[in-house]
1. Is the shape of region 37-114 best called rounded, prolate or oblate, per the rule: a/c under 1.5 gives rounded, else a/b larger than b/c gives prolate, else oblate, with a ≥ b ≥ c the square roots of the Cα gyration tensor eigenvalues?
2. If the convex hull of the alpha-carbon atoms of region 147-205 is projected onto planes in all directions, what is the mean projected area in square nanometres?
3. So, by mean Cβ neighbours within 10 angstrom, what's the order for 154-164, 185-195, 120-130, 106-116 with the highest one leading?
4. Roughly how many percent of the accessible protein surface of the chain is carbon and sulfur, given a 1.4 Å probe and a whole-percent answer?
5. Using all Cα-Cα distances in the chain, what percent lands in each 5 angstrom bin from 0 up to the longest?
6. Taking only Cα atoms, what is the 0 to 90° angle, nearest 10, from helix 12-30's long axis to the longest principal axis of the chain?
7. Order the following by accessible area, largest value first: E139, E173, E151. Probe radius 1.4 Å; ligands, DNA and RNA are ignored.
8. In nm, to one decimal, how far is the S35 label point from the E176 one, both placed 7 Å along Cα→Cβ?
Amino acid sequence: MQLIGLIGGLSWESTAEYYRILNRGAQARLGGVHSARSLIYSFDFGEIEALQHVGNWGAASALMVDAAQRLERGGADFLVICSNTMHRMAPVIEDGVNIPLLHIADPTGAAIMARQFKRIGLLGTAFTMEQPFYRSRLESKFGLEVLVPDEAGRAQVHGIIYRELVKGIVRDESREIYRAVIRQLIAAGAEAIILGCTEIMLLVGENDSAVPLFDTTTLHAEAALTRALGDI
């Protein structure tokens, strides 16, 4: 089994979900008391969040590269960034290490293609919804048409992530807001919805949407485990 290098703490709430999915999955696939071999570099998310919101992506990139290099030196065979937003600096990280990075958009795009959907709604931080780094990969690599909420909807989705979900706060009122945004995306033609922030799965599930949901946290973690077990 390969050693998975997890760049986490982005936030730790979703990193805990990665750890749970990886280890439950290893036990299910291998039986007995097996678990996933992994290293975790966990950030103080307060430092990262501050850099995100002042747009200091250069400093954030330097921290991410340092984390990746630490995991490489620790023996990781490949890297997993436990965040959609922080894939903004995926190319810089890939240039800074000699081990592969498993990009979160790739297992997501593959799962959507397998279901033959073309028009996809995207929920995530404002950075993920508004900047091209994520949508362009889905569009160019998987031929998807990516829809995002309107300005008010993007602000609501983003705010709930940072005010609540990264702190582990789950409120029924916020779930209703997400349901309304999902309905708007469906009305605009979305055939399915990407939960494009690794904390959103804490708030909404299949019962909250009239179309299928693609949870990037689960898809990414499962793809990492498959890769780690590839030689078995």
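The values are calculated or read from the model by the stated rules, or taken from the named source; none is laboratory data. Note that this is a predicted model, so its numbers are computed, not measured. Every residue, glycine among them, receives a Cβ derived from its backbone with ideal geometry; neighbour counts consider all protein chains shown. Side chains are part of the model used for accessible areas, which takes the heavy atoms of the whole protein and leaves out ligands, DNA and RNA. Shrake-Rupley method; radii C 1.70, N 1.55, O 1.52, S 1.80 Å.
1. Here region 37-114 falls in the oblate category.
2. Result: a mean projected hull area of 3.7 nm².
3. Packing proxy ranking, top to bottom: 120-130, 185-195, 154-164, 106-116.
4. 50
5. 1, 7, 15, 19, 20, 17, 12, 6, 2, 0
6. Result, in degrees: 60.
7. In descending accessible area the options line up as E151, E173, E139.
8. Going from the S35 label point to the E176 one covers 4.0 nm.
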